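The values are calculated or read from the model by the stated rules, or taken from the named source; none is laboratory data. Not measured: the values here are computed from a predicted model. So basically every Cβ, Gly included, is an ideal-geometry build from the backbone, and we count neighbours across all protein chains shown. Note: areas computed on protein heavy atoms with side chains; ligands, DNA, RNA excluded. Shrake-Rupley method; radii C 1.70, N 1.55, O 1.52, S 1.80 Å.
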Amino acid sequence: MSVTTRPSASAPTPASGVRPVLGSYGRVAAWLSKRVEVALGTVDLTLPQFRVLGILAEGSSAASGLADRLAVRRPSITAIVDGLVARGLVDRRQEDSDRRRVALRLTKDGERLLATADRAVDEYLVAIAGYLPSKDEAMALRSLELWGRAMTAHREGPKSDAPPSAESGG
């Protein structure tokens with residue numbers, strides 16, 4: 001398959017002056033997302049299941065919290081979680097402080113499968129990046145790390161215009 005880098009008349013030029021491949025960063029991100037789904041298929045996980053397991057790896061959560069983080073409706077989360085519970089990857093526990101609240105947690109099997117899925121996805125993405133020249137390969141993989149940091153910062157709130165302090169490590 002041939003990929004053209006010819007500029008699209010409708011594609012905006014980012015501040016770097018480099019036009020996105022295929023005319024849209026979104027299309028490339030969607031294409032990459034599909035490749036992640038393919039890698040997850042090797043460990044019998046869907047992308048939504050992988051996302052839920054990843055969030056639960058950060059700590060327990062209520063279904064409503066998962067729905068907010070994933071920007072989906074609660075019934076969608078309930079169906080995903082029900083499947084993960086049935087597979088023994090997630091368990092539900094009532095909170096001691098509020099018996100009405102049910103917390104979701106990864107089981108040991110869930111932790112193991114998530115680690116396996118992380119490796120499968122990472123290996124697949126590294127293999128794809130391996131088609132680039134060495135310098136570009138390293139830059140492509142590093143850019144995924146940077147996107148992860150940017151998305152975490154975005155989730156945590158508005159960007160501060162204050163310069164980073166020595167204490168913040170930035």
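Among the hydroxyl-bearing types (Ser, Thr, Tyr) and not in a loop (DSSP other than H, G, I, E, B) - does that describe any residue in region 91-98? No, region 91-98 has no match at all. If we scan region 83-105, do we find a residue that is at pLDDT below 95 and closer than 21 Å to residue 40 by Cα? Yes: region 83-105 contains one or more residues that are at pLDDT below 95 and closer than 21 Å to residue 40 by Cα.
If you scan region 106-163, which residues turn out to be of a type outside the set (Gly, Ala, Ser), more than 21 Å from residue 84 (Cβ to Cβ), assigned to a helix (DSSP H, G or I) and more than 17 Å from the chain's Cα centre (by Cα)? Step through it out loud before you land on a result.
The initial filter retains those residues of region 106-163 that are of a type outside the set (Gly, Ala, Ser), namely 106-109, 111-114, 116, 118-119, 121-126, 128, 131-133, 135-137, 139, 141-142, 144-147, 149, 151-152, 154-156, 158-159, 161, 163.
Now restrict to residues that are more than 21 Å from residue 84 (Cβ to Cβ): 122-126, 128, 131-133, 135-137, 139, 141-142, 144-147, 149, 151-152, 154-156, 158-159, 161, 163.
Remaining after also requiring assigned to a helix (DSSP H, G or I): 122-126, 128, 135-137, 139, 141-142, 144-147, 149, 151-152, 154-156.
The answer is 128, 135, 136, 137, 139.
In region 37-51, the residues that are over 15 Å from residue 124 (Cβ atoms) reach residues that are at pLDDT 95 or above and buried (at least 16 other Cβ atoms within 10 Å of the Cβ) with C-beta atoms within less than 7 angstrom, at least six apart or across chains, in these pairs: 46/40; 49/84. Does region 39-46 contain at least one residue that is farther than 21 Å from residue 105 by Cα, modelled with pLDDT of 95 or more and in a helix (DSSP H, G or I)? Yes, there is a match, as at least one residue in region 39-46 is farther than 21 Å from residue 105 by Cα, modelled with pLDDT of 95 or more and in a helix (DSSP H, G or I).
Output yes when any residue across region 55-75 is over 16 Å from the mean Cα position of the chain (by Cα), among the basic types (Lys, Arg) and under 22 Å from residue 118 (Cβ atoms), and no when none is. No, region 55-75 contains no residue that is over 16 Å from the mean Cα position of the chain (by Cα), among the basic types (Lys, Arg) and under 22 Å from residue 118 (Cβ atoms). Within region 110-166, can you find the residues that are at pLDDT 95 or above, closer than 26 Å to residue 90 by Cβ and open to solvent by less than 60 Å² (accessible area, probe 1.4 Å)? Across region 110-166, the qualifying residues are 110, 113, 114, 115, 116, 117, 120, 121, 125.
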